[in-house]
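What follows draws every value from the coordinates through simple rules; no lab data is involved. All values derive from a computational prediction rather than experimental measurement. Don't worry about glycine lacking a Cβ; one is built from the backbone with ideal geometry, like all the others, and counts go over all protein chains shown.
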Amino acid sequence: MKRPGDFRIVNHSVPRADGVAKVTGRAMYTSDIELDGMTWAKVLRSPFAHARIVSIDTAAARQSPGVLDVITGTDLASLRPYYGHAVKDHPILAIDKVRFIGEPVAAVVAEDDLSAEEALQLIEVEYEELPSVMEVDASLAPEAPLIHDEAYTEGAFRGFKDGRQASGNVCQYVKVKWGDAAAAFASAAHVVENEFHFPMAYAYAMEAYVAIADYSKKGLTVYSSAQHPFMVRHDLADIFDLPLNAVRMIIPYVGGGYGSKSYTKIEPIAAVCSWRTGRPVKLRLSIDEAFLTTRGDDARVRIRTACDAEGKFLARQATIHLNTGAYAENSPLVCAKAANRIIGPYLIPNVDIDCYAVYTNTVPASSYRGFGSTQVTFPAESQNEELADLIGVDPFEFRMRNLAQRGEVIYPGLRPIDADVPGDLRQIESKFEEWGAVQEGRGRAVGCSASDAGSHPVTSAMIHVYSDGSVSVLSGATEIGQGSHTVLAQIAAEEMGVPMSKVRVVGGDTAITPFERSTGASRTTTLMGRAVLEACREAIAQLMSFAAEALGVAQSALIEECGGVRHGDTQWSWGEVIEKHFKHKDTSIIGRAYLRQTGDLKLMPPFWEIGVVGTEISVDQETGKIRLERLMTVGDVGLAINPAAAEGQDLGAATMGIGVGLFEELIYDGQQLTNGSLLEYRVPRFSDLAPDIHMTLAQNQDGSGPYGAKGGGEGSLNPIPACLANALYRATGARVRRLPLTPERVWRALQERPKV
Amino acid sequence: MTPLNRFEIHQPATITEASRMLLEHGEEGGCYAGGTELLLALRHRALQYQHLVDIKVIPGLNSIQAANDWIDIGAACTHRDIERSPLIREKLPVVAEMESHVANVRVRASGTIGGNLCFAEPHSDPATLLLALEAVVRTEGESGARELRVDELINGAYSNSLEPGELLTSIHIPVLLPVQRAAYVKYQIRERPALGLAVVLDTPDGGATISQARIAIGCLCPFPRRSAAAEEMLRGSREEVEALIPQAAEVLADDAELIDDNEGAADYKRHLLGVFLRRAVARALDGA
């Protein structure tokens, strides 16, 4: 395998392919697109958390100037009006009842957005209010009203096979168990037990949801800000009973996702608007509406951990309740991930975890960067620190005694750990030593996490190699800002022996690119990157046989060189080989690769995503305000295809951790979301970044991706909130088990802390 | 994004013409003086004006001038104009400093001081400081010109005492005397401050004693206010004043009718008042 230093283009921080277009405002986003004859849709939203729809009068709205149609749930009877990749519980527009404030009840299509907006105000809906449940305990109470009283069909991509149970308001239940936890607790030297709360958070992206749908006899074309176009295609094909080739998803640049753009969101509404009117329809939400579209699951975690007298873990038991909101969305998968990611990168011999995703009458929860790991690493790493203190062992030492070494199995049946986590931790430890003694009033902490990342290793890639030497990569991965189009081009340029300027990545169109399951779970570099590499190798294998044929020699007599082939004094570039093969100008060949869950990808997950971070904070003890002073991340990415991009992902992830660790929390007052706007919901700013930031990459080439690469982008988020809480404890002696660590919450904890 | 309702924009040449336009459109009309608050309210349909009178185009409304011991700021001056004005920086550095921390640079570049005061958003930084500085606002309307104190202009959350057709034309701020020290401090986690506190202290002897104090608080109450009782406590030697700060803060807190909301519980805000009153006094006297 090539090692760092051997690469021409890979492992170099080449400039981003999309950088200039984005900073000069020329990059095309879905919002920028206007189609001929395009109309606009606006959505009327439910003012009730739970109510039966008695009647909807659309007559006045239909008469409003510029209005083409007003669509409600009852107009969708000839379709399959419920969608959902996990559970088909989500009506395109409310049918019979509404389940949260903000749920789409009707859509107006008009010649312009203002006419559509004005007509919304003319729709009369009569509701009969039903009792609502806003929180997990209320939803699980025996007398609780059922939020979903009908049986739904299973979605095609629930994400896993075991432990699927749902009843009443429980959307998903997952149990993870090995060993005998009860017996281990009974005989343990030390046990810590606590309850933790992770907030309801919104994965804010600068671009809110936007989609343009164009339905015609030929099929359905949808432009969208979607992260997983092939998953959305599945839902749309199912709704309209169309063949896969009749649904075309086009994804221009996407203005950030962080989980919020995964799976189907507003595309079905735009699609039914176009289906009804026969015109292309654009539906563009405001940020305030995006707050009402999806969010991350908030979590209550009751957790108990035991260790022996030497500080070796004996057992962990946890009961996790996720507030999943009104619809399943991706929460069944978040539920499964929360259940197993609470282990961390540690060896725990006895484990017993129950995780429930519970429906409530709140905004539906779905993916949030980290998929459950963020929710459970906070309790797990807080509790690990408490145990370390209880037995009087240094936090590094305590972790070292329990971390899995490379090749050890932390979760029976899954891939052994493919990283040197103790080595990563030692990097933080030596940085802490370099920083020296901690100043008075400050606190320092380390944190780590392990996530079964990558999702299903099902993907494909295609490359065109042209007779002039240029190369196109056809990839179904979405460039969502993470830099994937640059990374994939680097891999193709490296393999085909051409400069970056000769490589073009063609993506974002399901009619052109082969299948890619999704763009999430930190998978693109590992899986799509590997598919691109294999497609290049497959193209080169063809080119070697073409060269042998053209030269009239055995293929074994040829020597493959960077960018072409040599036989004695004859040296041909790949372009020349193609031209000689076809004896024609401007020709090209196709290389392709498919990845399946087989061979070295048979064991799930495709790779472990490790998060290892260190933080130092200061605390204003009068106001309770925390400031992050120092941050260190170790991006354990196997090999960074683009080191600057990998570090950018780590910094972004850590910053998101600062957000949910210190500020971000959606607050309901009764049935009403009270802070669903950027004026009220505080996301991190540049000024919140630590003045002192160190980003390190661990490049041990131990991943299943190209050149031993593994994914990053979530790892450096997951341990941050716990790290901040542990640092707060170090600084002040106040232990806070509820996020975010708002100044007021910290101030109260400071008042209540035991006097020393 | 939610589109704005349909409206017509009017660009008057004079204050008189603007006044006439506002009178003509009555409830359906409003002033457009920068739009940083107005456009948000229009997008959320909290306001539904069909006519906007753009007062920024009226000549002379964006000047900053000195006259005797007063500084005169035109109502249409942006926060950025004031923050960068050499005259303000020299004569009223506390105002320049406060303005330089209003919201963010985009808001400062388009939002105006007059719009800020008239809109009477409870989280206004300028209103609190101007109240402590005993600034006077000048208005013009059908019934002539008036001069009002800031707490006469702002009479509630999002509420002002302007009469129909009456416009705020300028803000008149007395220059600080050599014996006066002023400071504005605020506490902010989210987009808007949760607490604003201004002090103006008269000290004839370089900070050893305080002969008179003015304190204004904002953001945690519906509109900025002063408390004569609290101000009375902050007279005497610096030591005496500092000892009474907790009590003065309690008085301020009692006056403020603090409530529990997403910005904090009332008891936390009460505590913050004590912290920031002490910090404001220290900053005024020590400049730090």
Worksheet item: Quick one: A:C448, B:C118, A:C562, fewest Cβ neighbours within 10 Å first, how do they rank?
Response: A:C562, B:C118, A:C448
Discussion item. To the nearest 20 Debye, how big is the dipole of the protein assembly as shown about its Cα centre, given +1 on the beta carbon of each Lys and Arg and -1 on that of each Asp and Glu?
Written reply: 2540
Worksheet item: Rule-of-thumb check for the range B:58-180: C-alpha Rg over 2.2 N^0.38 Å?
Response: 0.98
Fill in: Of B:G206, A:G25, B:Y49, farthest towards positive along the dipole that unit charges on Lys, Arg, Asp, Glu beta carbons give the protein assembly as shown
A:G25
Practice prompt. For the range A:447-566, give the magnitude of the charge dipole about the Cα centre (Cβ charges: +1 Lys/Arg, -1 Asp/Glu; no others), in debye to the nearest 20.
Written response: 140
Worksheet item: Shape call for the range B:123-195 from the C-alpha gyration tensor, a ≥ b ≥ c root eigenvalues: rounded (a/c under 1.5), prolate (a/b greater than b/c) or oblate?
Response: oblate
Practice prompt. Could you check the simple spin-label distance between A:E126 and B:R106, using points 7 Å along Cα→Cβ, in nm with one decimal?
Written response: 4.5
Response to the item:
Scalar couplings 3J(HN,Hα) for the range A:670-675 by Karplus 6.51 cos²θ - 1.76 cosθ + 1.60 (θ = phi - 60°), nearest whole Hz, x for Gly and Pro, are x, 8, 9, 6, 9, 9
Fill in: Pairwise label distance in nanometres, B:E134 with A:A186, each label 7 Å out on the Cα-Cβ vector
8.1
Worksheet item: Computed FRET efficiency, Cβ-Cβ of A:R3 and A:D308, R0 45 Å: what is it to the nearest 0.05?
Response: 0.65
Response to the item:
Cα extents of the range A:456-601 along the principal axes, largest first, in whole Å, come to 48, 32, 24
Item to complete: Work from the charge dipole of chain A (Cβ charges, +1 for Lys and Arg, -1 for Asp and Glu, about the Cα centre) and give the residue of A:P15, A:L603, A:A226 farthest towards its positive end.
Response: A:L603
Worksheet item: Does anyone have the angle between helix B:238-256 and the longest principal axis of chain B? Alpha-carbon axes, 0 to 90°, nearest 10?
Response: 40
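Using only Cα atoms, what is the ratio of the radius of gyration of chain A to 2.2 N^0.38 Å?
Dividing the Cα radius of gyration by 2.2 N^0.38 Å gives 0.98.
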Worksheet item: Name the residues of the range A:354-380 whose amide N is less than 20 Å from a point 7 angstrom out from the Cα of A:I693 along the C-beta direction?
Response: A:369-370
Practice prompt. Could you run the Debye sum over the Cα atoms of chain B, one equal point scatterer each and no solvent, and tell me log10 of I(q)/I(0) at q = 0.09, 0.15, 0.16 Å⁻¹, two decimals?
Written response: -0.43, -1.13, -1.25
Worksheet item: Using Cα-only point scatterers and the Debye equation, what is log10 of I(q)/I(0) for the range A:34-89 at each q in 0.21, 0.29 Å⁻¹, rounded to two decimals?
Response: -1.14, -1.26
Item to complete: With a/c under 1.5 counting as rounded, go ahead and sort the range B:133-286 into rounded, prolate or oblate using the C-alpha gyration tensor (a ≥ b ≥ c being the square roots of the eigenvalues; past the cut-off, prolate if a/b is larger than b/c, else oblate).
Response: oblate
Worksheet item: Percent relative contact order of the range A:456-601, based on C-alpha pairs within less than 8 angstrom and at least six residues apart?
Response: 37
Worksheet entry | Sorted by Cβ neighbour density within 10 Å, fewest at the top, the residues A:D297, A:D241, A:D620 | A:D241, A:D620, A:D297
Discussion item. For a Förster distance of 56 Å, can you work out the FRET efficiency between the beta-carbons of A:Q672 and A:A557, rounded to the nearest 0.05?
Written reply: 0.15
Fill in: In Hz, Karplus ³J(HN,Hα) per residue of the range A:629-636 (6.51, -1.76, 1.60; θ = phi - 60°; x = Gly, Pro)
9, 9, 9, 10, 10, 10, x, 8
Worksheet item: Considering only B:Q247, B:A284, B:G264, whose Cα is most displaced toward the positive end of the charge dipole of the range B:180-286, charges sitting on Cβ of Lys, Arg (+1) and Asp, Glu (-1)?
Response: B:A284
Worksheet item: Taking Cα centroids, how far is the range A:293-350 from the range A:37-53 in Å?
Response: 35
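Starting from 0.36 nm per residue, how many nanometres of slack lie between A:K22 and A:D620 once their C-alpha separation is accounted for?
Result: 211.4 nm gained on full extension.
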Worksheet item: Size of the dipole of the range B:180-286 about the Cα centre, Lys and Arg at +1 and Asp and Glu at -1 on the beta carbon, nothing else charged, in debye to 20?
Response: 400
Item to complete: Using only the alpha carbons of the range A:57-116, determine the length spanned along each of the three principal axes and report them from longest to shortest in whole angstroms.
Response: 40, 27, 20
Fill in: Proxy reagent accessibility, fewest Cβ within 10 Å first, across B:L38, A:L717
B:L38, A:L717
Worksheet item: For the protein assembly as shown, what does -39500 (n - 2.57) per DSSP helix run (n ≥ 4), summed and divided by total residues, give at 222 nm, in deg cm²/dmol to the nearest 500?
Response: -8500 deg cm²/dmol
Worksheet item: Per-residue HN-Hα couplings for the range B:220-226, Karplus 6.51 cos²θ - 1.76 cosθ + 1.60 at θ = phi - 60°, whole Hz, x for Gly and Pro?
Response: 8, 9, x, 8, x, 8, 10
Response to the item:
Of the listed links A:K175/A:K602; A:K22/A:K282; A:K175/A:K312; A:K22/A:K265; A:K580/A:K710; A:K431/A:K625, those spanning more than 32 angstrom between alpha carbons are A:K580/A:K710
Worksheet item: Which of the peptides B:219-231, A:201-213 is most tightly packed, and how do the rest follow, going by the mean number of other Cβ atoms within 10 Å of each residue?
Response: A:201-213, B:219-231
Worksheet, complete the sentence: Cα-based Rg/(2.2 N^0.38 Å) for the range A:1-131, rounded to two decimals, is 1.61
Worksheet item: Hey, rough spin-label estimate for A:D468 and A:E440, points 7 angstrom out along Cα→Cβ, what's it come to in nanometres?
Response: 7.1
